[in-house]
Amino acid sequence: MYTFFEMLGNFSIGDYFKKEAIPFAWHFLTDPEWMGFDKNRLYITVYTDDQEAYDIWTKDCGVDPSHILKSPNNFWEIGNGPCGPDTEIYYDRGEEYDPEHIGERLFFEELENDRYIETWNVVFSQYNSEEGVDRKDYKELPQKNIDTGMGLERLVCIVQGGETNFDTDLFLPVIREVEKMTDKKYEGANKMAFRVIADHIRTVTFALADGAVFSNEGRGYILRRVLRRAVRYGKSLNIKGAYMYKLVQTVADNMHDFYPYLEEKVPYIQKLVKAEEERFQTTLNEGEKILNDVITNSEDKVLKGDVVFKLYDTYGFPLELTREIAEEKGFTIDQEGFDKEMAAQRQRARDARSDDQSMSSQAEDLMNFTEPSEFLGYQVTENDGKVIGLFKDGVQVDKLTDEGDVIFDQTSFYAESGGQIWDTGVIENEETSMHVTKVIKAPRKQPLHHVIIDKGELSMGDTLHLSINTEDRRKIRANHSSLHLLQTALREVVGDHVHQAGSFVGPDYGRFDFTHYEKVTDEQLKKIEQRVNEFICQGYPVVTEVMDLEEAKKTGATALFDEKYEDKVRVVTMGPASKEFCGGTHVSNTAQIGVFKIISEESIGSGIRRITSKTSFAAYEEFVKQQEMLEEIARMLKVTSIGGVVNKVTQLNNENGELNRTIGQLKTQLTNAQSAEMASEAEKYGELSVLIKKVDAEGGELKSLAESLAGKLTDGVVLLYSTNGGKVVFASACSKKAIEKGITASNIVKTAAQACGGNGGGRPDLASAGGKDASKVSEAIAKVKELL
């Protein structure tokens, strides 16, 4: 089984049918110009009642009837809809794959085997299946279709004579690279691990190249599971550290002829894969320790649901991975218990959602409300509208007197969507006045206004004047348009692997989430900010067009990778700078954005970065804040203008460096003085002089002092330690004679640190380590003395 494979085929929608499709398949497989397979090695299956297909095989293609199996299983259907008989072509790989010499019975009795391999399947989609209707009574489709399938991997296996599909040049280059990383060979019981790795790295490489990212939900979670499964198989081959990322280049090289775009994305993919591997290595070690402890102490061979969930939720262990490890140890998992924990987590997430989200998506009255509402807000900021729907807590009512939700026949208020926040404003007539606090989309996509009535009451059929907060809308438009320009600048400066992964547009700021594998450097951020402001200064007109989806795609407009679009889409173009699918509101010219300022750049998840930005007067205020900060620093440094700050700071840095050098010299003198005094406290352990002592010093000073003391002792061994905040740091130095006797500084600090719940090491003559529990220092010293 694969997680990635290539399917070949030919298709016809109402054009050619059986009489052409069957000979096409036969010609491709048997003609010397193409595959040139020996006809005597090919066997055919047809549907029991499909005499037409049988006749085409025997009369038109000349297949010996003794090579044809009529089977009731040769019928393709999935629920109601198009269906029909199918015919399959099998290849006989010979007695080498028939160890029990069963022969043709394997094919005609449809026994599980590796000798007769399905090569091609042709589905004749000619009927309409209906539940409760006997197959023989299915109605013919007005248009008959052909759907064929032939797996490339299986075809290559037959052509190249591979034992399995993995023993071909589609997989072997990767497998040979993995062999270089381990002392194990691709043979025997090891084959499974090599095959999993070879398959999974192909999946990961293509998915990341096509815009997917690792995450904890959706396709990103499946991708993470695939990689983590391969990482664990790597451990079974004794591969140390991250290794999958090294295979990305091999995949790109192997697939280059037909997928050349992979090559340019190799560095990006490698960085994402390596980061994900390293992250999982840490959690894998911790999680496997917990899992092994539970298995060791379990009596009933069942992993409890709460343990499985903890591994999933805290340590990122996919359920399938836990199950796999458990089964290797002869355990099963408590699936029901795990499902309960998952259900409880989902409920907590639902409880955390706002009431209006829940109401808008689940209230029956809203679900059944189908009257359309027209959004006018692209053209106007106010309009008259008629009340066509009133709701209180999701229940439809005839009148509102205090607070509730309203749908109008037309509105200028934007409903939150696509990352853009809702409009606020007022709605009124002579008798009634109310303010709008939120607008979201009802289940049938109508703008649903949440209103608080300030005067009067609201009834079905009322006509009112709707006015949005135009100042907020102006700011929202500027922020939204700036994010389109930001995406272009990001792709120019950081790389075209950047894709939008989320956004928020409000009146105060904009926020843009994007795929990238590392922190955007300060220099890159400067270039990005500069590029966006260049676009703004160019004064590009912003043009919005409504197009058919397919027509819009042909324009090259940027679209969200996993967004589902309607048949008609809005395309927003900002001169040559940007062209994107977008349903939001925008400025009419980039110059109206004013100015753009990046406020922050941060990581929000594996492979996902976030830039927060401001525009217009809010951006100006940010520049003013920085100016005021510089002026305050200038006053603190006692320079007359901010222009002198850099020189003053440089001067202070130089002075500080000189002071640090002086302090270092004094510390060295103090260390030497202390070491001379401490050396007298050393005890004899046979031929060695051993000093174990607590001192008040930091890590670096501790090592220097230990090294100095070892030099003052004849054949010395030194262990110093310092405690702080419940933790402990050890440093050790050993003489040449001690090392010759097998006593090393690295072993001493490792022994001490492990007794205190830590770890560490270093050179044989000088090493340091840390422990998490300083209360166990006495125990640690006892273990060191035992070692000595």
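The values are calculated or read from the model by the stated rules, or taken from the named source; none is laboratory data. Not measured: the values here are computed from a predicted model. All Cβ positions, even for glycine, are placed from backbone atoms using ideal geometry, and neighbour counts span all protein chains on display. The protein model used for the area step is the full one, side chains on, heavy atoms only, and it has no ligands, DNA or RNA in it. Shrake-Rupley method; radii C 1.70, N 1.55, O 1.52, S 1.80 Å.
Return only the number of the condition from (1) modelled with pLDDT under 85; (2) among the aromatic types (F, W, Y); (3) farther than 24 Å from K519 by Cα that F280 does not satisfy.
With respect to (1) modelled with pLDDT under 85; (2) among the aromatic types (F, W, Y); (3) farther than 24 Å from K519 by Cα, F280 is out only on (3).
Pick from A745, A755: which is under 23 Å from T714 (Cα atoms), touching an Asp or Glu at 6+ places or on another chain (Cβ under 8 Å) and among the hydrophobic types (A, V, I, L, M, F, W, C)?
Going through A745, A755 in turn, just one is under 23 Å from T714 (Cα atoms), touching an Asp or Glu at 6+ places or on another chain (Cβ under 8 Å) and among the hydrophobic types (A, V, I, L, M, F, W, C): A745.
Every residue, every condition in (1) surrounded by 17 or more Cβ atoms within 10 Å (Cβ to Cβ); (2) outside any helix (DSSP H, G or I); (3) without any contact (Cβ under 8 Å) to a residue 24 or more places away in the chain, yes or no:
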| site | (1), (2), (3) |
| --- | --- |
| L560 | yes, yes, no |
| K564 | no, yes, yes |
| V569 | yes, yes, yes |
| T573 | yes, yes, no |
| G584 | yes, yes, no |
| A591 | no, no, no |
| I598 | yes, yes, no |
| E602 | no, yes, yes |
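Cβ-Cβ distance below 6 Å, separation of 6 or more or different chains: which pairs start in region 361-386 with a residue that is at negative phi and end on one that is among the aliphatic types (A, V, I, L, M) and open to solvent by 50 Å² or more (accessible area, probe 1.4 Å)?
Taking only residues 6 or more apart or on different chains, the pairs are D365/V395.
Restricting to strands (runs of 3 or more DSSP E) lying wholly in region 40-137: which have 3 or more residues that are in contact with a Pro (Cβ under 9 Å, 6 or more places away or on another chain)?
116-129
Against the condition closer than 30 Å to M255 by Cα, without any contact (Cβ under 8 Å) to a residue 24 or more places away in the chain and of a type outside the set (A, V, I, L, M, F, W, C), how does G9 come out, does it pass? If you could, list the steps in order and put the result at the bottom.
Details: closer than 30 Å to M255 by Cα: yes; without any contact (Cβ under 8 Å) to a residue 24 or more places away in the chain: no; of a type outside the set (A, V, I, L, M, F, W, C): yes.
No: the conditions fail for G9.
So Y414 ticks every box in (1) touching a residue at least 12 places away in the same chain (Cβ under 8 Å); (2) in contact with a Leu (Cβ under 6 Å, 6 or more places away or on another chain) but one. Which box is left unticked?
That leaves (2) as the condition not met.
Residue by residue, here is whether (1) within 15 Å of T45 (Cβ to Cβ); (2) open to solvent by less than 50 Å² (accessible area, probe 1.4 Å); (3) in contact with an Asp or Glu (Cβ under 8 Å, 6 or more places away or on another chain); (4) not hydrophobic (A, V, I, L, M, F, W, C) holds:
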{"site": "F108", "(1), (2), (3), (4)": "yes, no, no, no"}
{"site": "N113", "(1), (2), (3), (4)": "yes, yes, yes, yes"}
{"site": "W120", "(1), (2), (3), (4)": "yes, yes, yes, no"}
{"site": "S129", "(1), (2), (3), (4)": "no, yes, yes, yes"}
{"site": "G132", "(1), (2), (3), (4)": "no, no, no, yes"}
{"site": "E140", "(1), (2), (3), (4)": "no, no, no, yes"}
{"site": "Q143", "(1), (2), (3), (4)": "no, no, no, yes"}
{"site": "G149", "(1), (2), (3), (4)": "yes, yes, no, yes"}
{"site": "R154", "(1), (2), (3), (4)": "no, no, yes, yes"}
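On the given criteria, is I611 exposed (fewer than 14 other Cβ atoms within 10 Å of the Cβ) and within 20 Å of H499 (Cα to Cα)?
The answer is no for I611.
Taking D15, is it exposed (fewer than 15 other Cβ atoms within 10 Å of the Cβ), in a loop (DSSP other than H, G, I, E, B) and out of contact with any Cys (no Cβ under 6 Å at 6 or more places or on another chain)? Show your work before the answer.
Numbers: exposed (fewer than 15 other Cβ atoms within 10 Å of the Cβ): yes; in a loop (DSSP other than H, G, I, E, B): yes; out of contact with any Cys (no Cβ under 6 Å at 6 or more places or on another chain): yes.
In short, yes.
From the set of residues in region 635-660 that are outside any helix (DSSP H, G or I) and open to solvent by 70 Å² or more (accessible area, probe 1.4 Å), which is modelled with the highest pLDDT?
K638
Scan (1) surrounded by 14 or more Cβ atoms within 10 Å (Cβ to Cβ); (2) modelled with pLDDT of 80 or more for the single condition S361 breaks and write down its number.
(2)
Which one is nearest to the chain's Cα centre (by Cα), of the residues in region 734-749 that are more than 12 Å from V690 (Cβ to Cβ) and surrounded by 21 or more Cβ atoms within 10 Å (Cβ to Cβ)?
Across region 734-749, the extreme among qualifying residues is V749.
Go through region 229-278 and report how many residues are open to solvent by less than 10 Å² (accessible area, probe 1.4 Å), under 24 Å from D183 (Cβ atoms) and not hydrophobic (A, V, I, L, M, F, W, C).
Within region 229-278, residues that are open to solvent by less than 10 Å² (accessible area, probe 1.4 Å), under 24 Å from D183 (Cβ atoms) and not hydrophobic (A, V, I, L, M, F, W, C) number 3.
If you go through region 713-721 one residue at a time, do you hit one that is at pLDDT below 90 and either within 30 Å of H480 (Cα to Cα) or exposed (fewer than 13 other Cβ atoms within 10 Å of the Cβ) (or both)?
yes
Kindly evaluate I201 against the criterion of being modelled with pLDDT of 95 or more and of a type outside the set (F, W, Y).
Spelling it out, I201 is indeed modelled with pLDDT of 95 or more and of a type outside the set (F, W, Y).
Given the conditions (1) part of a helix (DSSP H, G or I); (2) within 24 Å of G605 (Cβ to Cβ), and given that D306 satisfies all but one, which numbered condition is not satisfied?
(2)
Considering region 475-499 alone, what residues qualify as being touching a residue at least 24 places away in the same chain (Cβ under 8 Å) and either part of a loop (DSSP other than H, G, I, E, B) or open to solvent by 50 Å² or more (accessible area, probe 1.4 Å) (or both)?
K475, R477, E492, V494, G495, H497, H499 - these are the residues of region 475-499 that are touching a residue at least 24 places away in the same chain (Cβ under 8 Å) and either part of a loop (DSSP other than H, G, I, E, B) or open to solvent by 50 Å² or more (accessible area, probe 1.4 Å) (or both).
Only one of K527, K579 is in a helix (DSSP H, G or I), more than 22 Å from I421 (Cβ to Cβ) and either of a type in the set (F, W, Y) or open to solvent by 50 Å² or more (accessible area, probe 1.4 Å) (or both); which?
Just one listed residue meets the conditions, K527.
Of the residues that make up region 665-680, is at least one on the phi < 0 side of the Ramachandran plot, in contact (Cβ under 8 Å) with a residue 40 or more places away in the chain, in a helix (DSSP H, G or I) and in contact with a helix residue (DSSP H, G or I) (Cβ under 6 Å, 6 or more places away or on another chain)?
No, region 665-680 contains no residue that is on the phi < 0 side of the Ramachandran plot, in contact (Cβ under 8 Å) with a residue 40 or more places away in the chain, in a helix (DSSP H, G or I) and in contact with a helix residue (DSSP H, G or I) (Cβ under 6 Å, 6 or more places away or on another chain).
Within region 610-634, track down each residue that is outside any helix (DSSP H, G or I) and over 39 Å from the mean Cα position of the chain (by Cα).
Listed by number, the list is empty, since nothing qualifies.
Kindly establish whether T751 is β-branched (V, I, T), out of contact with any Pro (no Cβ under 8 Å at 6 or more places or on another chain), modelled with pLDDT under 85 and farther than 22 Å from G664 by Cα.
no
State all residues of region 381-390 that are within 30 Å of R474 (Cβ to Cβ) and either modelled with pLDDT under 95 or outside any loop (DSSP other than H, G, I, E, B) (or both); if no residue qualifies, say none. Steps first, please.
Applying the first criterion (within 30 Å of R474 (Cβ to Cβ)) to region 381-390 yields 381-389.
Scanning region 381-390 gives E382, N383, D384, G385, K386, V387, I388, G389.
State the number of residues belonging to region 56-75 that are surrounded by fewer than 18 Cβ atoms within 10 Å (Cβ to Cβ) and under 27 Å from V133 (Cβ atoms).
Count: 4.
For region 414-434, check the following and say yes or no: at least one residue is among the aromatic types (F, W, Y), outside any strand (DSSP E or B) and either out of contact with any helix residue (DSSP H, G or I) (no Cβ under 8 Å at 6 or more places or on another chain) or crowded, with 16+ Cβ neighbours inside 10 Å (or both).
Taking every residue of region 414-434 in turn, at least one turns out to be among the aromatic types (F, W, Y), outside any strand (DSSP E or B) and either out of contact with any helix residue (DSSP H, G or I) (no Cβ under 8 Å at 6 or more places or on another chain) or crowded, with 16+ Cβ neighbours inside 10 Å (or both).
What number of residues in region 760-788 are part of a strand (DSSP E or B) and polar (S, T, N, Q)?
1
Restricting attention to region 379-413, and to residues there that are in contact with a His (Cβ under 9 Å, 6 or more places away or on another chain) and of a type outside the set (D, E), which single residue is surrounded by the fewest Cβ atoms within 10 Å (Cβ to Cβ)?
Once the filter is applied, the top-ranked residue is N383.
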